[in-house]
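Please treat every number below as a calculation from the coordinates, not as lab data. The structure displayed is predicted, hence computed values, not measured ones. Heads up, the Cβs are rebuilt from the backbone with ideal geometry, glycines too, and the neighbour counts pull from every protein chain shown.
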Amino acid sequence: MGNLIVILGDQLSHDVSSLDGADVNHDLILMCEVHEEATYVKHHKQKIALIFSAMRHFARELVDRGFIIQYTKFDASDNTHSFLNEISRQLEQKSFEKIVVTHPSEYRVLQNIYSWSTHFQIHVDVREDTRFLCSMKSFADWAQGRKQLRMEYFYRQMRYNYNILMDGPSPQGGKWNYDLANRRPASTDSYIPAPYCSEPDAITQEVLSLVSEHFADHFGDLDTFHFAVTRAQALQVLNHFIEKRLLYFGDFQDAMLEGEPWMYHAHISFYLNCGLLNPLECIQAAEDAYKCGKAPLNAVEGFIRQILGWREYIRGIYWLKMPDYAEQNFFSAKRNLPEFYWTGNTKMNCLRQCVHETQQNAYAHHIQRLMVLGNFALLAGIDPKQVNEWFLIVYADAYEWVELPNVTGMILFADGGVVASKPYASGGAYINKMSNYCKNCTYNISKKYGKDACPFNYLYWDFLQRNRHQLNKNPRIAMMYKTYDRMPQDKKAAIAESASSFLSNIDLGEDI
Ligand SMILES: Cc1cc2nc3c(=O)[nH]c(=O)nc-3n(C[C@H](O)[C@H](O)[C@H](O)COP(=O)(O)OP(=O)(O)OC[C@H]3O[C@@H](n4cnc5c(N)ncnc54)[C@H](O)[C@@H]3O)c2cc1C
Ligand code: SF4
């Protein structure tokens, strides 16, 4: 009697733990495109296309390796559209010793998996997801007894554990973190290599038609789909980054330019998160580039910190804090998400650019998500549930384990300071420094209040003032409160008036 091995849509790695010791003669691998997963939020069309196409390609590779596969396509007439019922169909046809599955990435799916053994009266072997570099247990051990769970200390430990960019016990170059060297704005004549672009093959074409037929009312464009859908293609994306972009990654990590959605970023989160790339191979490729003089230390360290540090840390926080983490709302924010997050129809050029690029590409780079889309949601006091849902819908790399701590923790400070030591709130000055968005904006970046002033400028002070009772004990913000308190009364009143009128315009659905 063999095992029933269930492979989920983000477990598309040939070395995934559920395949350890798999028997090609007796085990059956089940993969299914189910409605419950494709629609639990209305994912961007390109995300559904990416996952379905990558799943179909992966299944084909498993068949080439000799495995027996049961693959349920989304539009198959007998598709029951839930994991539970798809498993049930297999168990009705054949007896299995047990069900084997790798630990899912999301809490919601884990609850589903936990129900299988009771439901089917069969042993369910939930195996650790060894594709992450820090196990949930190791993260919990690291977190145990610490007053603050700062990423920086976790990251240093991970560098040490994996011996990455180390010189014995010390960091290469003498510093752990080169972030301060990574804040250069780009200019419109900067050379930016074109991103990797794969042409859809027959499998992807079929999936694109399916998505346009069944998910027409989901957010986003489909005709700009150029994602990699196989491991071989994902490796080309990684290689393309290491050869052409890594060199500039550090310097321009925070830079934004109108019409340049991809900048010098790696564009690998989609593939890391669904299993086509492995984090350690990305880290080692960057370290090798440093060792052979292809890229400077600030770029390589910055890139490695994102994967070995931030990505692992974020995943650790998610599993440490769920399920309560999804309910956090430190500032009791309750404003509805403005409609322009879906349409891009706003006079604020930075937000317009970021939303339109998100529609087109199912991608925005980190600083767009953090300092533009996220910062606005924080300053305007948008309900965390709605912000989380938006971020989960619109990006092709979005899975709750990584989206939720970034939104609730990093951008909204809704967890009260688990992830960040202070809110990432900022006026328009940083956007102006790091981008050329303000040049083409209806609003005036140098004005602090009034009808045509940049809304980020007055919303920033209004946010601090509104949430003073929650933040006034935070030593990292004390300076800002001192600055505010020194402002003349009429300036404070003008800021409050501008913010109040702008926020009520949002609530009334006016053009802003
Ligand atoms: C509000 C918000 C929401 C986000 N939602 C997601 C999400 O749903 N899925 C997702 O993968 N990333 C998310 N991120 C993190 C980050 O923005 C993306 O990983 C990154 O933009 C992906 O593009 P890239 O591959 O070009 O990344 P690069 O900038 O080239 O970085 C390399 C890799 O580092 C990792 N990384 C970098 N920053 C983070 C981070 N903060 N958390 C976790 N991993 C990180 C990613 O795997 C990324 O591919 C979010 C960030 C913010 C501020
Ligand atoms: S002026 Fe303000 S709203 Fe306009 S692009 Fe600049 S930061 Fe954005």
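Bridgeable aspartates and glutamates around Lys321 (alpha carbons under 20 Å apart, same-chain partners fewer than 8 residues away excluded): Glu106, Glu128, Asp129, Asp141, Glu152, Glu312, Asp383, Glu389, Glu400, Glu403, Asp415. Could you tell me which of rounded, prolate or oblate describes the stretch 227-304, using a ≥ b ≥ c as the square roots of the eigenvalues of the alpha-carbon gyration tensor, with rounded for a/c under 1.5 and, failing that, prolate when a/b is larger than b/c and oblate otherwise? Cα axes put the stretch 227-304 in the oblate bin.
Of all DSSP beta bridges confined to the chain, the antiparallel ones make up roughly 15%. Here Lys482 is the anchor, and the lysines within straight C-alpha reach of less than 23 Å, apart from those fewer than 8 places off in the same chain, are Lys422, Lys447, Lys448, Lys473, Lys491, Lys492. Pop the C-beta distance of Asn336 and Tyr40 into the FRET formula with R0 = 22 Å and round what comes out to the nearest 0.05. Calculated value: 0.55. As a proxy for reagent exposure, Thr224, Thr80 were ordered by neighbouring Cβ count within 10 angstrom, fewest first; the result is Thr224, Thr80. Computed from label points 7 Å out along Cα-Cβ, the spacing between Asn25 and Met166 is 4.4 nm. Taking every alpha-carbon pair under 8 Å whose residues sit at least 6 apart, the stretch 359-493 reaches a relative contact order of 19 percent. Pairs of Cα atoms nearer than 8 Å and 6+ residues apart set the relative contact order; for the stretch 4-127 it is 33 percent.
With semi-axes defined as the square roots of five times the eigenvalues of the C-alpha gyration tensor, the equivalent ellipsoid of the chain measures 40, 26, 24 Å, largest first.
Could you give the length gained on full extension between Lys175 and Ser95, defined as 0.36 nm per residue of separation minus the Cα-Cα distance, in nm? The partial results should precede the final answer.
Numbers: separation 80, 0.36 × 80 = 28.80 nm, distance 5.74 nm.
Between Lys175 and Ser95, full extension yields an extra 23.1 nm.
One chain, two ends: Ser88 and Ser138. Fully extended at 0.36 nm per residue, the span grows by 14.5 nm beyond their Cα-Cα distance. With both labels modelled 7 Å from their Cα along Cα-to-Cβ, the Lys244 to Cys197 distance reads 1.0 nm.
Note on the stretch 340-507: Cα-Cα pairs beyond 22 Å make up 42% of the total pair count.
Note on Ala232 and Gln157: their simple-model spin labels are 4.1 nm apart, each label 7 Å out from Cα toward Cβ.
What number, in percent, do you get for the relative contact order of the chain if the mean sequence gap of Cα pairs under 8 Å and at least 6 apart is divided by its residue count?
16
When each of Met151, Met263 is scored by the number of other beta-carbon atoms lying within 10 Å, the sequence from fewest to most is Met151, Met263. The order of Leu272, Leu503, going from fewest to most other C-beta atoms within 10 Å of their C-beta, is Leu503, Leu272.
When the helices in the chain are scored as -39500 (n - 2.57) per DSSP H run of 4 or longer and the sum is shared across all residues, what 222 nm value do you end up with, to the nearest 500 deg cm²/dmol?
On the way: 23 runs with 226 residues, N = 512.
Theoretical 222 nm ellipticity from helices: -13000 deg cm²/dmol.
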